[in-house]
Amino acid sequence: MLDDEFRADGIVVQSLNASSDMAVREAHYNHGQTNLFRQGGNIPPIWSRSRGADTVVVATNWIDEYQAIVALPSSGIQNAADLRGKRLGMPRRLNEQIDYWRAMCLRGYLAALEIAGLEPNDVEFVDLPIDEKQIPTGGASQRGTLWRGANRARRQSREALALIRGEIDAIYTAGAPGAQLSSFMGASTVVDLGAHADSGSRVNNQVPTVLTVDGELARSAPETVARYLAALMQAARWAHEHEAETLGIVGGDVGATPEWVTAAYGAEVHDRLALELDERSIAAVAAQKAFLLGNGFIDKDFDAGAWIDPRPLELARGMDHERRLG
């Protein structure tokens, strides 16, 4: 759909995965490529914006996902209050620009502790060093996700082994790989964050996702940005009409079968891919920025409200409406 949208203009749309150069691939973290559209977790773009990256947020998407604090049944940990005095695994990736997974884990733990009325000093955070990068090397291709299923499947191997060996008492996990991991280990759910009634407790890297755009592109070619968004709107409608194919695509992205996709993201995930920019998501981005700043994941503050530009999405909605009318 993106190819069809831009072919007549001689514009080529390609994934960061098309390059085998790690500096290009890591633009997913630092937004270090011109004319870049990045749709994904919110922690890396907040980090890059705090470091001066010229970007704007033009859309969000909120899909609640499986998020939980889990422990082995033998631990005796049954609820959030039982975490008092326990060892919580905190992965530390030694070779990443921004250790977003560590930030995710900490945010999940703090949400669980707050539910139980506990403080961070009521538990012990145990560092788990990891050398492997999350962005894979090799296998460049024009199409497809930068995040391969095999890499996602290994994302928590260090934490899982530490839990099984008794080095820690509980871990945070999320997404379809997390749901699979919990089942594989026979782990008990201590806190089901993904199903918590308070949406603030569910906010994390993937909730909501954000779509950021190169700031110069947004300023100099707003119609190009809007056309890109209009193509994504078309794709969301296609997903609504093609449930099985959509579950297969999402499964390939996250490294899971369709059954685990629906277990982690809900049975209606194919209906929830529309772009939005609502107050809940905007507030969540601001809250995430405050969390990252308060816990040392970013060093410099910035105005989260000024980072968001609703105009491209408004323009795209107008385009999409006109096209649908024929």
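The values are calculated or read from the model by the stated rules, or taken from the named source; none is laboratory data. Nothing here was measured: the structure is a model prediction, and the numbers come from that model. As a convention, Cβ positions derive from the backbone with ideal geometry for all residues, glycine included, and neighbour counts pool all protein chains shown. Ligands, DNA and RNA are excluded from the accessible area calculation, which covers all protein heavy atoms including side chains. Shrake-Rupley method; radii C 1.70, N 1.55, O 1.52, S 1.80 Å.
PRO312 falls short on exactly one of the conditions (1) over 30 Å from PRO136 (Cβ atoms); (2) surrounded by fewer than 20 Cβ atoms within 10 Å (Cβ to Cβ), and that condition is (2).
Restricting region 280-303 to residues that are of a type outside the set (D, E, K, R) and free of Cβ contacts under 8 Å to residues at least 40 places away in the same chain, the residue that is least open to solvent (accessible area, probe 1.4 Å) is ALA286. Taking region 259-279, which residues are surrounded by fewer than 19 Cβ atoms within 10 Å (Cβ to Cβ) and part of a helix (DSSP H, G or I)? Across region 259-279, the qualifying residues are GLU259, ALA263, ASP271, GLU279. Would you be able to say whether some residue in region 235-243 is buried (at least 22 other Cβ atoms within 10 Å of the Cβ) and at pLDDT 95 or above? Scanning region 235-243 turns up no residue that is buried (at least 22 other Cβ atoms within 10 Å of the Cβ) and at pLDDT 95 or above. If you go through region 73-86 and keep only what is within 15 Å of VAL191 (Cβ to Cβ), touching a residue at least 60 places away in the same chain (Cβ under 8 Å) and not β-branched (Val, Ile, Thr), you end up with SER75, GLN78, ASN79, ALA80, ASP82, LEU83, LYS86. When the strands (runs of 3 or more DSSP E) confined to region 120-215 are screened for residues that are modelled with pLDDT of 95 or more, open to solvent by 10 Å² or more (accessible area, probe 1.4 Å) and touching a Lys or Arg at 6+ places or on another chain (Cβ under 6 Å), those reaching at least 2 such residues are found at 124-130. In region 1-14, the residues that are within 14 Å of MET233 (Cα to Cα) and open to solvent by less than 90 Å² (accessible area, probe 1.4 Å) reach residues that are assigned to a helix (DSSP H, G or I) and of a type outside the set (A, V, I, L, M) with C-beta atoms within less than 8 angstrom, at least six apart or across chains, in these pairs: MET1/GLN234; MET1/TRP238; LEU2/TYR228; GLU5/ARG227; GLU5/TYR228.
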